[in-house]
Amino acid sequence: MPTAPCPNSLAPVGQYILQPGRAGWLGFPIRYFIDVEPDTDLSDVVRPRTSPLLRSVQTPYGERFVWATFSHDQVDVDFRNPDVLFEYLDILLFYVHHGARIIRLDAIAYLWKRIGGPCIHEPETHELVKLLRDILEMLAPGVILLTETNVPHAENLSYFGAGNEAHMIYQFSLPPLLLHALHSGDASYLTSWAAGLEPPPPGCTFFNFTACHDGIGVRPLEGLLPAAEFKGLVAAMEQRGGLVSRRSNPDGTATPYELNITYFDAVGVPGDMDAYVRRFLCSQTIAMSLRGMPGIYFNSLLGAGNDLAGVEDTGRARSINRRKWTLAELDALLQEGYSDQAAAVLPEFLRRLRLRRTRDAFHPDADQIVLDLPKGLFGVRRDAGAGSVWMVANVSPRVVGCAMSRLHRRWKERRWRELIGGWEADGETLPSRLELDPYQVAWLTCVEPVAEQ
């Protein structure tokens with residue numbers, strides 16, 4: 001949202017035009033962009049990158065230095081100018097008019113700039129999100145506003161506001177915590193985080209994703225994972241062919257901002273394709289079990305690996321998970337037999353999604369209770385009236401079990417069905433412990449309505 005394509009010069013380009021009569025920060029005429037003297041103290045600005053914050057450009061008024069939060073091929077626009085706001089409202093309503101159902105506000109946290117401040121999460125940014133929501137609720141009440149803010153967890157949650165900002169927010173802490181659980185075989189950090197989640201405000205929900213075109217953001221791990229565990233996770237991604245994008249800190253250091261790697265390769269065990277697939281499907285099933293709406297990246301459906309050729313072609317680390325497929329390539333990939341990875345991932349991925357659709361307990365508003373399980377297991381119970389689903393996942397390379405009494409204190413009096421495995425049995429005939437193979441996930445239901453817990 002805060003950036004626009006940047007030409008080599010800021011001379012007239014489409015509707016982004018420098019015109020006389022409007023004063024910029026330095027007093028010379030400017031309309032859409034933010035110019036700053038190069039010696040201005042900008043040390044308090046929170047950065048998501050290591051590139052210089054200001055870019056030198058030639059304009060009809062000579063050399064100017066314009067604000068570029070993310071990179072020099074993207075120059076930020078100035079939302080203090082009402083004309084900029086109206087341009088973006090036109091863009092918003094254009095997409096709505098053409099049937100868009102979800103509007104993503106990309107990197108919205110960096111929208112507003114104030115010299116001497118951090119230029120992230122400014123009050124005006126939150127006010128603008130409220131304004132966009134008000135407009136949508138008046139003109140297109142079925143459209144969902146989704147904020148994308150790769151920031152620490154508490155900051156991310158702030159974009160719900162009081163239930164009057166985003167309808168959905170990216171659940172940014174989930175991908176790296178889930179990744180850590182699968183690499184360490186220990187779900188305790190994931191469990192602790194999930195247990196502390198407050199329900200979203202009415203009319204709001206989480207967007208539960210693991211992969212996207214950018215990478216796996218790691219700022220959302222701040223305060224959730226010890227430094228040694230974090231360092232080990234970064235090293236593990238580099239061992240799997242991943243890259244690490246860093247950001248500049250006020251003290252001059254640079255720290256990891258995101259891991260650039262496909263999620264399939266991120267969770268994999270080099271040299272063991274069976275473990276690759278089992279761990280990957282485990283991760284995706286956990287994500288689609290949590291309260292909220294699952295967001296599935298297209299390349300994940302195919303079990304896509306790192307696109308190192310794309311990185312070499314573009315010179316950008318993010319290209320590692322931006323493989324673009326031609327129709328002919330997809331046709332060939334999905335022929336009988338598929339590719340090894342797609343054949344192992346896609347049919348089972350789709351089967352689990354279809355199973356999920358049959359259960360009201362997976363509705364975004366269904367209640368969620370995080371289960372108290374051994375550290376090798378992660379589990380939640382989702383409740384929708386009489387239809388509950390217990391999701392229990394083994395994130396470790398060993399067989400791990402838990403007492404059935406941890407799921408339901410009167411478990412013997414119930415008839416149980418496991419949706420993924422497809423078995424059904426009376427509690428009286430079941431073992432007292434639920435045993436799960438490495439990276440196995442179970443979706444358990446009671447055939448009868450669940451009574452007293």
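Restricted to strands (runs of 3 or more DSSP E) entirely inside region 348-453, those with at least 3 residues that are crowded, with 19+ Cβ neighbours inside 10 Å and either aliphatic (A, V, I, L, M) or modelled with pLDDT of 95 or more (or both) are 377-384, 387-394, 441-446. For region 3-14, does any single residue satisfy the condition of being surrounded by 19 or more Cβ atoms within 10 Å (Cβ to Cβ), at pLDDT 50 or above and either outside the structural domain of Ile108 (by TED's automatic domain parsing) or within 29 Å of the chain's Cα centre (by Cα) (or both)? Within region 3-14 (the criterion being surrounded by 19 or more Cβ atoms within 10 Å (Cβ to Cβ), at pLDDT 50 or above and either outside the structural domain of Ile108 (by TED's automatic domain parsing) or within 29 Å of the chain's Cα centre (by Cα) (or both)), the answer is no, since none of the residues qualifies. May I ask you to list the residues in region 23-45 that are modelled with pLDDT under 80 and of a type in the set (Phe, Trp, Tyr)? Across region 23-45, the qualifying residues are Trp25, Phe28.
Can you tell me which residue is farthest from Val66 (Cα to Cα) among those in region 92-123 that are aliphatic (A, V, I, L, M) and part of a strand (DSSP E or B)? Before you say what the answer is, go through the steps one by one.
Keep residues of region 92-123 that are aliphatic (A, V, I, L, M), which gives 92-93, 96, 100, 102-103, 105, 107-109, 111, 115, 120.
With part of a strand (DSSP E or B) added as a condition, the list becomes 102-103, 105.
Values: Ile102: 31, Ile103: 27, Leu105: 22 Å.
If we take residues in region 92-123 being aliphatic (A, V, I, L, M) and part of a strand (DSSP E or B), then Ile102 is farthest from Val66 (Cα to Cα).
Selection of strands (runs of 3 or more DSSP E) fully inside region 124-217 by the criterion of at least 3 residues being under 10 Å from the mean Cα position of the chain (by Cα) returns 205-209.
Taking the options Gly242, Gly295, name whichever one is in contact with a strand residue (DSSP E or B) (Cβ under 9 Å, 6 or more places away or on another chain) and within 30 Å of Leu371 (Cβ to Cβ). Spell out the reasoning first.
Working: Gly242 fails: within 30 Å of Leu371 (Cβ to Cβ).
Criteria check complete, one pass: Gly295.
Taken together, Pro48, Pro52, Pro20 contain a single residue that is at pLDDT below 50 and not assigned by TED's automatic domain parsing to the domain that holds Leu92, which is Pro20. If you go through region 126-147 and keep only what is surrounded by 22 or more Cβ atoms within 10 Å (Cβ to Cβ) and under 22 Å from Tyr257 (Cα atoms), you end up with just Thr147.
Taking residues in region 302-326 that are more than 16 Å from Ser245 (Cβ to Cβ), and partners anywhere that are modelled with pLDDT under 90 and part of a loop (DSSP other than H, G, I, E, B), not one pair has Cβ atoms closer than 6 Å while being at least 6 places apart or on different chains. Entry remark, region 157-170: residues being touching a helix residue (DSSP H, G or I) at 6+ places or on another chain (Cβ under 8 Å) and under 15 Å from Leu290 (Cβ atoms) number 2 in total. Of the residues making up region 193-217, just one is surrounded by 19 or more Cβ atoms within 10 Å (Cβ to Cβ), farther than 20 Å from Arg104 by Cα and free of Cβ contacts under 8 Å to residues at least 60 places away in the same chain, namely Trp193. Inspection of region 71-82 identifies no residue that is within 26 Å of Thr210 (Cα to Cα) and aromatic (Phe, Trp, Tyr). Evaluate the following for Val77: is it assigned by TED's automatic domain parsing to the domain that holds Val244, over 21 Å from Ser248 (Cα atoms), surrounded by 17 or more Cβ atoms within 10 Å (Cβ to Cβ) and β-branched (Val, Ile, Thr)? Considered against the rule, which asks whether it is assigned by TED's automatic domain parsing to the domain that holds Val244, over 21 Å from Ser248 (Cα atoms), surrounded by 17 or more Cβ atoms within 10 Å (Cβ to Cβ) and β-branched (Val, Ile, Thr), Val77 comes out as no.
The values are calculated or read from the model by the stated rules, or taken from the named source; none is laboratory data. Worth saying up front: this structure is predicted, and the values here are computed from it rather than measured. Methodologically, a virtual Cβ is constructed for each residue, glycine included, from the backbone with ideal geometry; neighbour enumeration extends over all protein chains shown.
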